[in-house]
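Novice: So that we are looking at the same thing, I have put the structure below in structure tokens.
Any read-out appearing in this document is the output of simple, stated calculations on the displayed coordinates, not a laboratory observation. This one's a predicted model, so the numbers in the text were calculated from it and none came from an experiment. Note that each Cβ is placed from the backbone with ideal geometry, even for glycine, and that neighbours are counted across all protein chains shown.
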Amino acid sequence: MDTALLRTFVTVAECQGFSAAGKVLHRTQSAVSLQIKRLEEQMGQAMFERTSRSVLLTSHGERLLPYARHMLKLEDEAREALGEGSRGELIRFATSEEQASAYLPELMPRYARRFPDTRLELHCDMSAALVRQFQEGLLDVVLSIRHLPTRSGQLLGWEPMVWVVAEDCRPGQWETLPLALNPEGCIFRAHALAALGREERRWEARYASQSPTGINLPVQAGLAMTVKTPRSVPAGCRIVGEEEGLPPLGQVEIELHRRPGHTSEALNAFCEELERIVTHNADVAAPAPGEMAAP
């Protein structure tokens, strides 16, 4: 069997679509379709059922999938054993700055001891932008806050959102609440404005920044309030108590995206260690087993 065709097959199966698989594989949709057609001709069976809305595995495709994954894993291991990975695998990992600060100090030293030759390329941005880059095949692993349901996101758990002000600030001192928030498209911003709107509280988006530093500075100076998770409260600030009259904000979902069709030991270990650290974080509640699948 041609492992290049098997890699395309596994990617289409995991992305549940030819267009999405093409972005991951850096190929056109027609090229992906042609490779699947070649595989189906070699196997003498249809691997996918195509409709106007979905691409689903046939019973033959379901039987082939675990074997294909295993063969690709063996191929990757063979390449590493023969020295093709002498420079060390490159993992393109992305997350928000605050998640990087929370989880990477524990992950990186431990992972480097086990895989000293692996190279890590770190990207930080808002979650929605990072998921788009992942879907375009530009990233291998993304730890993000879920904005919309995706086919690739594995739910790891939930984190509460909290209002944050400077330690000596009291929200009651403001007739119009001054807010420091990320730009449009951020789920924290959306939750904050929706919560204030439901209770008809007066507010003004006075400061905006994609950078946590740009948000933290006016909050630490007592000039504004913001929304964060408990692990991200900056120095000199505090969580606003329920008794102070601000509306509850609910929770956000933490999810992990990983590149389909790639099963190297280094990448698997990176994802497993990252998942362990995130789900064991004191502020993250792990989902029930039945809720771990992507939506």
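Novice: Taking 0.36 nm per residue of sequence separation and subtracting the Cα-Cα distance, how much length would be gained by fully extending the chain between A129 and T51, in nm to one decimal?
Specialist: On the way: separation 78, 0.36 × 78 = 28.08 nm, distance 2.91 nm.
Result for the pair: 25.2 nm of gain on full extension.
Novice: Restricting to DSSP loop positions (anything but H, G, I, E, B) with no more than 13 other Cβ atoms inside 10 Å of their own Cβ, which trypsin sites (Lys or Arg not before Pro) remain in region 46-84?
Specialist: Numbers: sites: R50, R53, R63, R69, K73, R79; in loops: R53.
Those satisfying the criteria are R53.
Novice: Could you order the peptides 233-244, 161-172 from most to least packed, using the average number of other C-beta atoms within 10 Å per residue? Mind showing how you got there, number by number?
Specialist: Numbers: 233-244: 13.2, 161-172: 16.9.
Highest-to-lowest ranking by the protection proxy: 161-172, 233-244.
Novice: Please check: in the Gaussian network model of the chain (C-alpha springs, under 10 Å), which one of P230, P116, P178 has the largest mean-square fluctuation.
Specialist: P116
Novice: How many nm is it between the label spots at R113 and E184, if each spot is 7 Å from the Cα in line with the beta carbon?
Specialist: The modelled label-to-label distance comes out at 4.9 nm.
Novice: Could you tell me how many degrees, from 0 to 90 and to the nearest 10, lie between the Cα long axis of helix 187-198 and the main elongation axis, the longest principal axis, of the Cα atoms of the chain?
Specialist: Once rounded, one gets 40 degrees.
Novice: So what is the calculated 222 nm ellipticity per residue for the chain, using -39500 (n - 2.57) for each DSSP H run with n of 4 or more, over all residues, to the nearest 500 deg cm²/dmol?
Specialist: Working: 9 runs with 122 residues, N = 295.
Using -39500 (n - 2.57) per qualifying helix, the result is -13000 deg cm²/dmol.
Novice: Which length gain, in nm to one decimal place, applies between T213 and D2 when the Cα-Cα distance is subtracted from 0.36 nm times their residue separation? Could you put the intermediate results ahead of the total?
Specialist: Details: separation 211, 0.36 × 211 = 75.96 nm, distance 4.97 nm.
Working it through step by step, the gained length comes to 71.0 nm.
Novice: Restricting attention to region 186-215, which trypsin sites (Lys or Arg not before Pro) occupy a DSSP loop and are surrounded by at most 13 other Cβ atoms within 10 Å? Show your work: numbers first, answer last.
Specialist: On the way: sites: R189, R198, R201, R202, R206; in loops: R201, R202.
Passing sites in region 186-215 are R202.
Novice: For region 35-89, which GluC sites (Glu not before Pro) are in a loop by DSSP, counting at most 16 other Cβ atoms within 10 Å? Before the final figure, lay out each step's value.
Specialist: Numbers: sites: E40, E41, E49, E62, E75, E77, E80, E84, E89; in loops: E84, E89.
When the GluC sites (Glu not before Pro) of region 35-89 are filtered for loop state and at most 16 Cβ neighbours within 10 Å, E84 remain.
Novice: Considering only DSSP beta bridges whose two residues both sit in the chain, what percent are antiparallel, to the nearest 5?
Specialist: On the way: 21 of 35 bridges.
Beta bridges within the chain, antiparallel portion: roughly 60 percent.
Novice: Defining a contact as two alpha carbons under 8 Å apart and six or more residues distant in sequence, what relative contact order in percent does region 3-81 show? The partial results should precede the final answer.
Specialist: On the way: 70 pairs, mean separation 23.3, N = 79.
Answer for region 3-81 is 30 percent.
Novice: Next question, about the same structure. How many angstrom separate the Cα center of region 132-153 from the Cα center of region 44-94?
Specialist: Cα centroid to Cα centroid, the span is 19 Å.
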